[in-house]
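> What follows is a single structure, and I will ask about it in a moment.
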Amino acid sequence: KGEHFGVVWLWKSQLERPHYDELAWEPFSEAESEHIEREFRAKHRTVFRLNDRYSIDLHLMQQFRTSSPDRRRAIYRDEPEPEDDDDDDDEKKENSLEEEQKKSSDAPPDAPDDANPTPNPTPSAALKGKKEAEKKQALPPRFER
């Protein structure tokens, strides 16, 4: 068995589907993914032969039949998100939350509302969140394994 990078390379099998649709993509075999990943990490060649039939262009992120280079399909590198092994972060968040709750309970009952402000999103913040969500939809999704 070859190197295991934890990265999955996919090719767009359903051209009529949008780029961000999970159903548009098929994974390369494990051996092909490892081959593509080795070339990707080496950064020596941007175009190389994947097998007897197909070649890969890493600069354009496309695969193509070596015999018909004009017919191309998109490829996508799906890198797993780093695992969060840091339990300290969870403890810090819990302690911070407990401290905030304690501060808010320490405020006198007749204190003005701004003594314990609650964040209310402004319309521009809500619009910004909506725009960010739309941007994320335009990118390929994380694929379940």
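> Of the accessible area of region 8-76, with the probe set at 1.4 angstrom, what percent is carbon plus sulfur?
48
> Please list, in chain and number order, the residues 5+ apart from TYR54 or on another chain whose amide H is under 5 Å from its amide H, with Hs placed from the backbone.
Distant-sequence amide H within range of TYR54: THR66.
> For VAL7, project a label point 7 Å along Cα to C-beta. Then give me every residue of region 37-56 with its amide nitrogen under 12 Å of that point.
In region 37-56, the label zone of VAL7 (backbone N under 12 Å from the point 7 Å along Cα→Cβ) covers 37-44.
> Quick check for you: with a 1.4 Å probe and neighbouring chains kept, what is the accessible area per residue of region 8-76, in Å²?
Heavy-atom accessible area per residue stands at 63 Å².
> Sequence-distant or interchain residues sharing an amide H contact under 5 Å with PHE28, placed H: which?
Answer set, sorted by chain and number: TRP9, LEU10, TRP11.
The values are calculated or read from the model by the stated rules, or taken from the named source; none is laboratory data. All values derive from a computational prediction rather than experimental measurement. Cβ: placed from backbone, ideal geometry, glycine included. Neighbour counts: every protein chain shown. These accessible areas exclude ligands, DNA and RNA; they are computed on the full protein's heavy atoms, side chains included. Shrake-Rupley method; radii C 1.70, N 1.55, O 1.52, S 1.80 Å.
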